[in-house]
Structure formats: structure tokens, C-alpha cells
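First the structure, in the form of C-alpha cells, and then the observations on it.
The values are calculated or read from the model by the stated rules, or taken from the named source; none is laboratory data. Source: prediction; values computed, not measured. Note: ideal-geometry Cβ built from the backbone for every residue, glycine included; neighbour counts use all protein chains shown.
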Amino acid sequence: MSKKIYETDAQTMADLTAGKETVWKNPRYVPFDLVRGLCDLVVSEADIADAEARLARFAPFLERAFPETQANHGLIESPLAELEKMQPALEKAYGGKIPGRLLLKKDSHLDIAGSVKARGGIYEVLKHAEDLALAAGKLTEQDDYAAFADEDMQKFLGGYTVQVGSTGNLGLSIGIMSAALGFRVIVHMSADAKQWKKDLLRSKGVEVIEYADDYSRAVEEGRKRSEADPTSYFVDDEKSVTLFLGYAVAAKRLDAQLKEKGIAVDEAHPLIVYVPAGVGGAPGGVCYGLKRLYGDNVHCFFVEPTQCPSVLLGMATQKFEQANVRDYGLSGKTEADGLACASPSSFVTRIMTNLVSGECTVSDAKLYDFLRLLVETEGERIEPSSCAAFQGPVALCQAEGSVAYCQEQGLTPDRLNNATQIVWATGGRLVPEEIWDVYLNTHLDA
Ligand SMILES: *Cc1c(COP(=O)(O)O)cnc(C)c1O
């Protein structure tokens, strides 16, 4: 009888569906060169370069509309910070050794939207504005895009609507940027969305429609309403390639930051990256860009809540967007509002099927523990959804799945000691002070 080599083993599936913390080693992971050609057909180097160039064209507008971006000349980028104190604190709290150097990529502190959505979400809105303006002959690619802040252009874009379904942060990025360009904007918020995010959006003149249902429903309703209006554009988080491109631009920016720090990425110096996943767009785009740059020398892991591992299930079962965590006995409910997506992206679960090394799941209780530890050791604050990423370095080399992965991929102890491990912080800067108090004082039973 032939062994089903692509099947996730029964014990891992049993742990997952029981809501236990699990490390899933992706059985379909292959050397990047085997799939590079196929990947190129979907998202090529030229596509990513095009996204980079578009963001550069918009820099003068961003500087004008959001003075906070002037320090970085209109480019939205985040610092890469050391976690010198958090690293030993994590080892002490959870046991085991975290090899190599641990860094924090602070997309939690990105300008304008205060989350990783400032990459994809903002990019898609800018692209839509440009498409409309170019088609109407309002400007050419050679013009100064500061013109997007002019009254005439804003009035033109005011004839169009942008809509999006969101658990919170995507809505914030789309809402803030659309409003700044003059668009009419409607955000369809799922029941998981935090009140402060809805309040903040309304204060910026964004129309927020709330649903008692989950994220997939908010997306479905938003999509339907947008389709009924020819002047409306829907940012479709469940399948958007444009969003993905905005996220993918992060890779070259990170590469420059690593070089600046004198950090090598090669066979002897692997890069290991952990990114929290909701529908998969942000981690997918970021990791796709990194795979293109570093090939097999980068190892990308997604992290999801124990009750909502939709991207993992979509890839492990190859049911992609048809996978719903509720069909596996999980509630889909989590304190990590940014990750509360019961079904994953159709596009991302397909393109990442052979590229992601694996996934870790993490309990809600731990998110708050990680947050407190980060505040105590480094004085940094990132929102609970973001803290999921810390499960990565804690689980690597501990859980059966990741030990096996390291062995298979030649991540020997000496190589791991030369590794750079990056915890991708995906949100936090816009969290109001009184909400930090709540977060820092939340203790859940494990
Ligand atoms: C949106 C979000 C993610 C994950 O992004 P997806 O594209 O939904 O996978 C992770 N963390 C935070 C804080 C987010 O807002």
C-alpha cells in the first residue's frame, strides 16, 4: 500500500481539532526552485517591482496628507528591533533554548494604520485611486502625485465608493486611506471587531456597518453591496492579489534592514520568520516576497489561534477557502480579533501550499502573557493578535513537528545558533491607552 506522504499525520490533526497547541510541519513544502517558475506565472518579480514603484509615486501625496510619513520620505516602513531581553525571558518562562538572534519586525508601529494592513490595505486603495485617475485622464504616471491631496482630485474620487469587510485592522487601513483620498467608504465589520476600532473609523467619517456574525459573513455582505453599485470598489481580502503585492514589498525593505545590521542570510545563516495569520494575506505576501529573495535559506511559519487555524486547515486538507474551522469542531472564537477568520483566502492557501514551512497554533491565554513579558523586558506594546508570533520561537526545537522540520531541512544546532529569528509584530500603535490597561490586566485560564 502506498503511503500518503502529503497527508498530515493523524495525531497532529487530532490535537488541532481538539484545540490544543500544535506545530504543523507542512508535508507539501518543497525546495523553492521546484516551484519558482510556477509562482512567477501568478506573482512575478515585475509585479512586485510595479507595486514598489507605485508606492514610490505616491510618496509625495503621503507626505502631504500624513506628515508623520515625512521622516521616511513618504515610505511606510517599520523598524527592526532587537529582543535581547525578551529572548532569555522567553527561554526562562517556557523552557528550552531559543537559538540565534531574536528580532522584532515592528509593523505594529507602521505609520497611518498602526498595523501590517498599512502595507496591503493602503496599497490597494492607492492603486484603485491611481487606476481611476489615469483612466479619467486626471494625471499621468510622470506627474507629482501630491496632486491627490488637491481639492479637484478629491472631488473626483468623491464620486466613487470603496468597501471592505474586516475584523478591524483592514477596515482601519482602508477606511483611513480612502477617506484621505476623498472616497466615500463603507467598512463592514464582523462581530469580533473591537469597539475602539469602530469608534476610530466613525470619527474619520467612515461609514461602519456592524454584523452580529463572523468575518466571512461581513465580507460576503460587503461584496454583495459593492457589486450592486457600479461606482463601488470592493477590497476582497479573501482573494485579492493586489493586497498580497502590497505585503510582498516588505521583503526587499527587510533585506535592506538586515544588511544595514550586518546580518547575513545564507545556508549557514538561516532566517526564520513567524507571522500571525488571519485569512493569510499579510503573512502570505510577506513570506512570498522573502522566499523569492532568499529561497530555501528562509523558513516561514504562520501562527494562528488554537480555535481558529483556518489557513492551516485550508492548506493541510487542500480544501483551501472551502475549509471552515467550525467543520473541524473548533469555535473560531478568539481574543485575537485580527486572526478571527474562520475560512482562509483562496489565493493565499494555494500559492503558499508549497512555500510555507509550517504553522504553530497558540492559546488565547498565552497572547496576554507574551504581551506582559514584552512590556516588562523591552517596554514595547503590540496588540494581542500580534503576540501570537512569539509562539514561533517558543515552539521551534520543542515540538515534535518543528524538531522533525529542522532535521529534514538541515537546520543543525550550529546553523540554528547562527540563525536570525524574526517575530513579525502585526499591530498595536493605534490601541487607545485605556484599552492597553484592559489588555495588560487580562488573565485567561490556559
Ligand atoms: C490582519 C492581521 C493579521 C493577519 O493578516 P491576514 O491577512 O488576515 O492573514 C495579523 N495580525 C494583525 C494584528 C492583523 O490585523
Next on the checklist: Can you pull out every residue in segment 164-176 that is among the hydrophobic types (A, V, I, L, M, F, W, C) and either surrounded by fewer than 24 Cβ atoms within 10 Å (Cβ to Cβ) or within 9 Å of the ligand (Cβ to nearest atom) (or both)?
Outcome noted: Leu170, Leu172
Checklist entry - If you check Cys341 against the conditions, is it part of a loop (DSSP other than H, G, I, E, B), within 11 Å of the ligand (Cβ to nearest atom) and not acidic (Asp, Glu)? => result yes
Checklist outcome for this item: Reported set for segment 391-419 where residues are surrounded by fewer than 17 Cβ atoms within 10 Å (Cβ to Cβ), among the β-branched types (Val, Ile, Thr) and assigned to a helix (DSSP H, G or I) is Val403
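Going by what's in this entry, would Glu304 be described as among the acidic types (Asp, Glu) and either under 14 Å from the mean Cα position of the chain (by Cα) or at pLDDT below 95 (or both)?
yes
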Next on the checklist: Just to check your reading of the model, which residue among Asp237, Asp213 is crowded, with 24+ Cβ neighbours inside 10 Å and among the acidic types (Asp, Glu)?
Outcome noted: Asp237
Item to check | Number of positions in segment 342-367 that are in contact with a helix residue (DSSP H, G or I) (Cβ under 6 Å, 6 or more places away or on another chain) and within 17 Å of Glu383 (Cα to Cα) | outcome: 2
Item to check | Looking only at segment 352-390, and only at residues there that are closer than 20 Å to Val325 by Cα and more than 13 Å from the ligand (Cβ to nearest atom), the one that is surrounded by the most Cβ atoms within 10 Å (Cβ to Cβ) | outcome: Cys360
Item to check | Filter pass, Ala193 being farther than 15 Å from Gly121 by Cβ and of a type in the set (A, V, I, L, M) | outcome: no
Item to check | Selection from segment 349-377 of residues that are closer than 20 Å to Gln391 by Cβ and in contact with a Gly (Cβ under 7 Å, 6 or more places away or on another chain) | outcome: Met352, Gly358, Cys360
Checklist outcome for this item: The condition from (1) part of a helix (DSSP H, G or I); (2) more than 16 Å from the ligand (Cβ to nearest atom); (3) crowded, with 21+ Cβ neighbours inside 10 Å that Ala179 misses is numbered (3)
Next on the checklist: surrounded by fewer than 23 Cβ atoms within 10 Å (Cβ to Cβ), within 16 Å of the ligand (Cβ to nearest atom) and closer than 19 Å to Val249 by Cα: is that true of Lys106 in this structure?
Outcome noted: yes
Checklist entry - Of the residues Thr306, Thr317, which single one is within 20 Å of Ser386 (Cβ to Cβ) and more than 11 Å from the ligand (Cβ to nearest atom)? => result Thr306
Next on the checklist: I'm trying to understand the selection: among the residues of segment 356-376, which are among the aliphatic types (A, V, I, L, M) and touching a strand residue (DSSP E or B) at 6+ places or on another chain (Cβ under 7 Å)?
Outcome noted: Val356, Val362
Checklist entry - Counting only residues that are small (Gly, Ala, Ser) and touching a helix residue (DSSP H, G or I) at 6+ places or on another chain (Cβ under 7 Å), how many does segment 91-113 have? => result 4
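Need a quick list: strands (runs of 3 or more DSSP E) entirely within segment 1-115 having at least 2 residues that are among the aliphatic types (A, V, I, L, M).
Ranges flagged: 80-82, 101-106.
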